[in-house]
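Structure first, commentary second.
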Amino acid sequence: MLSGATSLKEVQLPEVKTIGINAFYQTKLSEVTLPKVESISQGAFYEVTTLRAVSAPKLKEIKDTGAFEGTSMTELTFPELETIGTRTFKNMPNLTRFVAPKAKKIGDNVFVDAVSLSDLQIPEVTTIGNYCFTNTPKLEVLSVPKVSVLSGQFLESSQRKWLCLIWRNKPCLPLNCL
């Protein structure tokens with residue numbers, strides 16, 4: 001679509017419902033407004049290091065790999081998001097807060113290297129993929145009361161001091177998760 005358009009700083013797409021593969025890959029966007037978008041595909045905003053804000057209130061699905069990987073956002077809220085694809089928020093060192101109250105499935109490696117992530121709100125999630133929270137040392141509370149599938153090594157981090165895991169409304173720490 002506009003991959004590599006370095007003069008593009010802001011995008012407002014009031015009628016678009018789907019953002020395609022690598023649509024804004026390596027652009028210089030800083031703000032994106034997507035009021036009707038329901039689906040974002042692989043690499044849509046990959047390595048848009050200048051991206052600071054995304055508004056997508058109707059977003060339901062982030063497909064495939066690395067849609068926002070390598071961006072600079074600090075906070076993200078997606079009120080309707082249900083499915084998060086592999087590596088979606090990988091290598092986002094500035095991300096401190098993520099809210100997706102309707103998220104059900106989180107793929108592999110989603111928050112890898114989100115080293116500042118400390119506030120994660122995903123109360124409806126049922127599936128968490130492999131290595132999902134690798135190298136997220138500031139994440140100290142993970143509340144996932146409805147999870148039925150926790151993949152191996154989902155919390156791996158060599159820098160993690162401790163973590164309170166709340167699973168099925170009971171504090172616990174599964175073996176082999178760190």
With the Cα gyration tensor of the range 4-71 giving a ≥ b ≥ c as the square roots of its eigenvalues, does the rule (a/c under 1.5 for rounded; else a/b larger than b/c for prolate; else oblate) give rounded, prolate or oblate? oblate
To make sure I understand the rule: partners must be lysines, Cα under 24 Å from the Cα of Lys102, and not fewer than 8 residues away in the same chain. Which ones qualify? Lys17, Lys36, Lys58, Lys60, Lys63, Lys90, Lys138, Lys146, Lys170
So how much slack lies between Glu38 and Asn94, counting 0.36 nm per residue of separation and subtracting their Cα-Cα distance, in nm? 17.7 nm
Between the range 73-88 and the range 101-121, what is the separation of their alpha carbon centroids in Å? 8 Å
By how many nm would the segment from Glu124 to Ser55 lengthen if fully extended, with 0.36 nm per residue of separation less the alpha-carbon distance? 22.7 nm
Can you spot the aspartates and glutamates whose alpha carbon is less than 19 Å from Lys28's alpha carbon? Ignore those fewer than 8 places along the same chain. Glu10, Glu47, Glu69, Glu75
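The numbers here are math on the coordinates, done by the rules we state, and not lab data. It should be emphasised that the depicted structure is a prediction, and the values quoted were computed from it without experimental measurement.
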